[in-house]
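Just below is one structure, and these are the notes that go with it.
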Amino acid sequence: MSQSITLSVVIVNYNVREFLEQAIKSALSALAEMRHEIWVVDNASTDGSVDFIRTMFPQVHLLVNRTNVGFAKANNQALAQCRGDFICLLNPDTIVEEKTFSTMVEFFGRHPEAGAAGCKVLNPDGSLQLACRRSFPTPWVAFGKISGLAALFPNSRCFGRYNLTYLDPDQTAEVEAISGSFMMFRRAVFAQVGFLDESFFMYGEDLDYCFRIREEGWKIYYVPDTRIIHFKGESSKKSPFEQRSLFYQAMRLFVHKHLDKGRALIPMWILLVAIRVRSLFAHLSALARLIALPAVDLAFMSVNLALAIYGRFQPLFPWKSFVIVHVLYSLIWLLLLARHEVYQRHPFSYVKAGSAVLLGWIVNSALTFFFKDIGFSRLVVLYAGLLNLVALPGWRLLFKVMAHINVHYLQGVWGSRFLHPQTLLVMDVDGAEQLLRRLQLRLENHYRVTGLILAGETEQIRQISGVPVLGAIDQIAEVIRQKKIQQVIFATERIANFQILSIISADHGRPVTFKWIPPAMDVIIGKASVDYVEDLPFLDIEYRLHEMSNRWLKRSLDIVLSFLLLLYSSPRYVWCRLVEKRRLQANVYAGVRGRPFTLWRFSDSPSRRRPGPSLMWWSVFKGDMSMVGCALPTSSAQPPLLKPGWTGLERLQQDNGLAGSDRERLQLYYMKNYSVWLDLEIIFQTVLHTLKR
């Protein structure tokens, strides 16, 4: 006769493969000492989750749906087959402590009246996830939540009942409902209560199940003796408006099912109206966040167009025509800004903003030239385009400059979201240098690693690849406070999950984001996001630098800038040649495809012992070099893929100890992503770095 299974863990997955792997690994570690089974129900994922689970976790029971049947129905499919004395519904974007399941089973053993229980659930920043303990949304409870009184008076028993914010988060308490991200209950409860209500597609099914458990006479507990971290919302973040609608639809369904029975002092229609009002405000708030940056750009465009029209037609101002051209021209510019991902991935990229404005100016000029009915004034389009070309990239550039010189308000408010946050890397010594270099050399979503915490006996190691070791594992909290760390990345298996969650839950005195790099995976897992750190693929792609138009633009920029710099440097050249009597020395380098070129340099000054200036601007003007290119190659180096340049991505990354493969990767990235705006950004960054040194 086979032994009974103590615990069945049920996980519903939908397109969160990277998170799911961490959830299963942490669950297996926590289940090592008890008889268990894990069920994964996949709701028609398209990210390779099914094949991945079959390959990596053959011991897991896998159920595959051809369509997304919803959270409740997917759980029911596993509930119908699992055999554990206890059942735990676990979200795929969670990580549990090593003792989580055993702690919860022991709690049930001490409390026979407990039908269901949930543990302490943390957000990735270490704060308590309020949904892990709550009350049912009765009219008064909902009023406190919807009116904002619960936020104003969180310690009030009268207004703070929805999320029970007046309770000590570290004290066990009987509650009305717990979160479906971690819900454990007895098999006897399942036998009495039955399956989840499949009317709830997503959201609300946990509230409904808790209500039904209490109706059967069982108690529900919040147990903070163990913790999990819940990244919350990863599988639903791609359609936030739809998910928000599903949430409030679920709330209305819950009210109709359980609370609309004529027992309340306040009519239920008031609660239903309040839910709809709350839903409206939630959508409006999300919409406001969505249009915030476009609104800023539109404000600049409005002012610029008004100035252009006033400059062209003063002292008159044709208001009627202004409205028409403003709507048309601004809409085109906004659409192109959105097309360049300025309002999504690159909100503060002045390069992409400049490219979009320039392209919009061309489109608007064409409309003015070819369509007389909507044409207004070519000079107005020209003036407005020039002003937008300064204003829209300009305010983004100003923002980055202020952040770069450590304007503390910007670093604190925006640093962890849009800028490069101060990052602490917690890792093993083995492979540390390779991982550190890969993070430092990322050209998108760059990680500014401030310091390292090394796991194990590493007292003799002071730095790795120029990054200082700031302390040991038990000093992480102190390092975060002292160095004003904004982001911590864990990349080691030597720290137990309970240690990591203890670090996360500590009070660091400032907002801190925590991320993971799972072993043997080229991803960084953070709050509802996955960032890939693998090397960029460069097979079967077209390089923008090879396009004739881009080659012409690059050459034109080289000629203009080198000519201006030659004029600026000519007095110094004349002084070196005629006054100091220095000689010109020829240095031969290998250019593109190994073709040699000569870079002339004045001899060193014997009296002042300083190197003589080179005639690099002349080489750029002739076409042997470029303003932006690769580093000057050594005699042993392979022929470069680019013209040697005054600056380039290699120069910006020179502090990171570039290897030959790193240099080639940077050159390929530059060729693939070339634009004249990228050149200007690299030149600007070089000047900024030079001044800062």
So T67, is it β-branched (V, I, T) and part of a loop (DSSP other than H, G, I, E, B): yes
Positions within region 559-593 being modelled with pLDDT under 85 and either among the polar types (S, T, N, Q) or part of a loop (DSSP other than H, G, I, E, B) (or both), in sequence order: E580, K581, R582, R583, Q585, N587, G591
Residue match in region 505-524 (condition: modelled with pLDDT of 80 or more and of a type outside the set (V, I, T)): yes
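In this structure, does A80 turn out to be at pLDDT 90 or above, among the hydrophobic types (A, V, I, L, M, F, W, C) and crowded, with 17+ Cβ neighbours inside 10 Å?
no
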Residue among L419, L397, L392 that alone is surrounded by 16 or more Cβ atoms within 10 Å (Cβ to Cβ), modelled with pLDDT under 60 and closer than 25 Å to L334 by Cβ: L419
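So, in region 154-188, of the ones that are among the small types (G, A, S) and in a loop (DSSP other than H, G, I, E, B), which residue ends up surrounded by the most Cβ atoms within 10 Å (Cβ to Cβ)?
Step one: filter region 154-188 for residues among the small types (G, A, S), giving 156, 160, 173, 177, 179-181, 188.
Next cut, in a loop (DSSP other than H, G, I, E, B) only: 156, 160, 179-181.
Values: S156: 14, G160: 22, S179: 24, G180: 27, S181: 22.
Among them, the one singled out is G180.
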Residue count, region 206-234 (criterion: at positive phi and either at pLDDT 90 or above or more than 24 Å from the chain's Cα centre (by Cα) (or both)): 1
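Any idea which of V16, V40, V96 is β-branched (V, I, T), in contact with a Cys (Cβ under 9 Å, 6 or more places away or on another chain) and buried (at least 20 other Cβ atoms within 10 Å of the Cβ)? Break it down into steps so the answer makes sense when it comes.
Values: V16 fails: in contact with a Cys (Cβ under 9 Å, 6 or more places away or on another chain); V40 fails: in contact with a Cys (Cβ under 9 Å, 6 or more places away or on another chain).
Being β-branched (V, I, T), in contact with a Cys (Cβ under 9 Å, 6 or more places away or on another chain) and buried (at least 20 other Cβ atoms within 10 Å of the Cβ) holds for just one of V16, V40, V96, which is V96.
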Residue in region 23-42 that is in contact (Cβ under 8 Å) with a residue 40 or more places away in the chain and in contact with a Pro (Cβ under 7 Å, 6 or more places away or on another chain) present: yes
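So which of L632, L666, L658 is modelled with pLDDT under 75 and surrounded by 15 or more Cβ atoms within 10 Å (Cβ to Cβ)?
Numbers: L632 fails: modelled with pLDDT under 75; L666 fails: modelled with pLDDT under 75.
Just a single option satisfies the conditions, and that option is L658.
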Pairs, first outside the structural domain of G456 (by TED's automatic domain parsing) and part of a helix (DSSP H, G or I) in region 467-486, second surrounded by fewer than 16 Cβ atoms within 10 Å (Cβ to Cβ) and among the β-branched types (V, I, T), C-beta under 8 Å, six or more apart: none
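Being hydroxyl-bearing (S, T, Y), under 34 Å from the mean Cα position of the chain (by Cα) and under 22 Å from V105 (Cα atoms): is that true of S179 here? Full working, then the answer.
Working: hydroxyl-bearing (S, T, Y): yes; under 34 Å from the mean Cα position of the chain (by Cα): yes; under 22 Å from V105 (Cα atoms): yes.
Taking the combined requirement at face value, the residue satisfies it.
The values are calculated or read from the model by the stated rules, or taken from the named source; none is laboratory data. Everything numeric in this text was worked out from a predicted model, so none of it was measured. Ideal geometry is used to build each Cβ from the backbone, glycine not excepted, and the neighbour counts take in all protein chains shown.
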